[in-house]
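Asks: Got a structure for you, written out below as structure tokens; questions coming shortly.
The values are calculated or read from the model by the stated rules, or taken from the named source; none is laboratory data. What you are looking at is a predicted structure, and each value in this text was computed from that prediction instead of being measured. Cβ placement follows ideal geometry from the backbone for every residue including glycine, while neighbour counts extend to all protein chains displayed.
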Amino acid sequence: MAGKRVLVREDLNVPMKDGHISDDSRVRAAAPTLQHLAQRGARVVVMSHLGRPKDREPDLSLKPVVADLGRRVGRAVQFAEDCIGESAISAVDRLQSGQVLLLENVRFHKEDESNDSGFARRLASLGDVFVNDAFAASHRAHASVVGVAAYLPAYAGELMQAELAALHQALDNPRRPMVAVVGGAKVSTKVGVLRNLLQKVDALLIGGAMANTFFKARGWPTGAGLVEDSALHEAEEVAKLAGDKLVLPVDVVCARKVEAGQPLRVMEADRVEPEWMGLDLGPQSIALFREKLRGAGTVIWNGPVGVAEIKDFSDGTRAVGEAIAGSGGYTLVGGGDTVAAIESLGLAGRFSHVSTGGGATLEYLEGKDLPGVAILKEV
């Protein structure tokens, strides 16, 4: 490895506020692979995207990530003003063994997302070996994720290996009973996940706004709550397929508006009144979910079970998170909203594995092959 140019795809797509990183969990997750490569004397060339730029947008430059990445890796990180061309080539040529270079946002070139072979070749020319450590981007068949593997030997980084091992343990070799908790707003984005999980789990607990769609599919009134009418048939089919594995809330905390400080009422799930909307699990639902999670061997959690970003509607998500953390089983948490919720509710560090992948985790849970994983030699 000493002296070799190792081209590493990381996911440094971090949230930024006023030019500074507001949450560096993805930088922290990427650091071990980069650290160990540098310690072994590799010339480490890091590429990533940030946001969804239409063109070269200064606000979406990776330059502000350099200092934090250097802190986490424990050595100075250099920066190239582009990911291809003369500035990238000369920056890589200047690299010494054990040094780290971050390339500018690969999505400043539209050829990345279209997986243009010429662009992939130009990226690949900067390395001798390719390491994909960006699990969170591995459901995308982009040049920087899969295209470069046509020109370089491709391997999995440490974060990639950890993510795949965790998903494999939870899904393919679960300790029983196996319970899945799925929340969030829409049934349509998760119907594939629900169908796939139902073949594996002993219980499927559904919360969040998506529960309203299941309620309406049963003919229950949902007041002013968010319902995905176009997914009613899918909710009906999932419920039929699930049988008694499906666990829905039995009561909900309601308000007239999705705002802090509103008058709150607890209503039975099948009796939500007009103008009111269910925004969190009620006390009986929390007790029911706790009971289902007690003593679970494996728990997969994706999506908050209420509007957890507003304190008034966060009790259900906190209680469910605590029940999952205290279940004694193998606990896998995935999805950006869920990760944000456990951070804000003080539950971080209490689960077996917290996935960095949003869409990638969902697609894996759905049973789909991820292009960025399929191209690797060793996983």
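Asks: Does any residue in segment 344-361 that is under 20 Å from Val191 (Cα atoms) come within less than 6 Å, Cβ to Cβ, of a residue that is at pLDDT 90 or above and among the aromatic types (Phe, Trp, Tyr) six or more places away or on a different chain, and which pairs are these?
Replies: Gly357/Phe135; Ala360/Phe135
Asks: Same structure again: Looking at Val307, is it farther than 16 Å from Leu198 by Cβ, of a type in the set (A, V, I, L, M), under 25 Å from the mean Cα position of the chain (by Cα) and not in a helix (DSSP H, G or I)? Walk me through how you get there before you give the answer.
Replies: Numbers: farther than 16 Å from Leu198 by Cβ: yes; of a type in the set (A, V, I, L, M): yes; under 25 Å from the mean Cα position of the chain (by Cα): yes; not in a helix (DSSP H, G or I): yes.
When the stated conditions are applied, Val307 passes them.
Asks: Let me ask another. May I ask you to list pairs of residues, at least six apart or on different chains, whose Cβ atoms are under 9 Å apart, with the first in segment 223-248 being closer than 28 Å to Met178 by Cβ and in a helix (DSSP H, G or I) and the second being hydroxyl-bearing (Ser, Thr, Tyr) and modelled with pLDDT under 95?
Replies: From residues that are closer than 28 Å to Met178 by Cβ and in a helix (DSSP H, G or I), the pairs are Ala231/Ser188; Glu234/Ser188.
Asks: Something else: Only residues in segment 180-199 that are farther than 17 Å from Pro249 by Cα and assigned by TED's automatic domain parsing to the domain that holds Arg290 count as the first member; pair them with residues that are modelled with pLDDT of 90 or more and of a type in the set (Ser, Thr, Tyr), Cβ under 6 angstrom, at least 6 apart or cross-chain, and list the lot.
Replies: Listed pairs, sorted by first residue: none to list.
Asks: A further question follows. With the checklist (1) modelled with pLDDT under 95; (2) surrounded by fewer than 17 Cβ atoms within 10 Å (Cβ to Cβ) in hand, flag the one item Asp24 doesn't pass.
Replies: Result: Asp24 passes all but (2).
Asks: If you check every pair at least six apart or on different chains, which have Cβ atoms under 7 Å apart with a residue in segment 56-77 that is more than 16 Å from Leu101 (Cβ to Cβ) first and a residue that is aliphatic (A, V, I, L, M) and part of a loop (DSSP other than H, G, I, E, B) second?
Replies: Qualifying pairs under 7 Å: Leu60/Leu50.
Asks: I'd like to know if segment 75-95 contains one or more residues that are assigned by TED's automatic domain parsing to the domain that holds Asp23, buried (at least 16 other Cβ atoms within 10 Å of the Cβ), over 24 Å from Tyr151 (Cβ atoms) and aliphatic (A, V, I, L, M).
Replies: yes
Asks: May I pose another question? Say we look at segment 314-366 and pick out the residues that are out of contact with any Gly (no Cβ under 9 Å at 6 or more places or on another chain) and part of a strand (DSSP E or B); which of these is farthest from Ala162 (Cα to Cα)?
Replies: Across segment 314-366, the extreme among qualifying residues is Thr331.
Asks: Here's a follow-up. Identify the single condition in (1) in contact (Cβ under 8 Å) with a residue 60 or more places away in the chain; (2) more than 13 Å from Leu293 (Cβ to Cβ) that Gly329 does not satisfy, given that it satisfies every other one.
Replies: (2)
Asks: Would you check which residues across segment 1-28 are touching a strand residue (DSSP E or B) at 6+ places or on another chain (Cβ under 9 Å) and not in a loop (DSSP other than H, G, I, E, B) and list them?
Replies: Arg5, Val6, Leu7, Val8, Arg9, Ser25, Val27
Asks: Within segment 61-74, can you find the residues that are hydrophobic (A, V, I, L, M, F, W, C), closer than 22 Å to Gln39 by Cβ and surrounded by 15 or more Cβ atoms within 10 Å (Cβ to Cβ)? Steps first, answer last, please.
Replies: The first filter runs over segment 61-74 and keeps only residues hydrophobic (A, V, I, L, M, F, W, C), leaving 62, 65-67, 69, 73.
If we keep only those that are closer than 22 Å to Gln39 by Cβ too, we end up with 65-67, 69, 73.
Those that are hydrophobic (A, V, I, L, M, F, W, C), closer than 22 Å to Gln39 by Cβ and surrounded by 15 or more Cβ atoms within 10 Å (Cβ to Cβ): Val65, Val66, Leu69, Val73.
Asks: Okay, next question. If Trp220 satisfies all but one of (1) more than 17 Å from the chain's Cα centre (by Cα); (2) in contact (Cβ under 8 Å) with a residue 60 or more places away in the chain; (3) over 14 Å from Ile375 (Cα atoms), what's the number of the condition it fails?
Replies: Unmet for Trp220, out of (1) more than 17 Å from the chain's Cα centre (by Cα); (2) in contact (Cβ under 8 Å) with a residue 60 or more places away in the chain; (3) over 14 Å from Ile375 (Cα atoms): (2).
Asks: Go through segment 116-156 and count every residue that is in a helix (DSSP H, G or I) and under 22 Å from Ser25 (Cβ atoms). I'd like the intermediate steps shown before the answer.
Replies: We begin by selecting, within segment 116-156, every residue in a helix (DSSP H, G or I); these are 117-124, 135-137, 147-150.
Restricting the remaining residues to those that are under 22 Å from Ser25 (Cβ atoms) gives 135-137.
Total satisfying the criteria: 3.
Asks: Here is a further query. Name, by its number, the condition in (1) outside the structural domain of Val305 (by TED's automatic domain parsing); (2) farther than 15 Å from Glu10 by Cα; (3) of a type in the set (Ser, Thr, Tyr) that does not hold for Ser144.
Replies: Unmet for Ser144, out of (1) outside the structural domain of Val305 (by TED's automatic domain parsing); (2) farther than 15 Å from Glu10 by Cα; (3) of a type in the set (Ser, Thr, Tyr): (2).
Asks: Could you say which residue among Arg56, Arg28 is closer than 30 Å to Thr338 by Cβ, assigned by TED's automatic domain parsing to the domain that holds Phe135 and not aromatic (Phe, Trp, Tyr)? Lay out the reasoning, then the answer.
Replies: Values: Arg56 fails: closer than 30 Å to Thr338 by Cβ.
From the options Arg56, Arg28, the qualifying one is Arg28.
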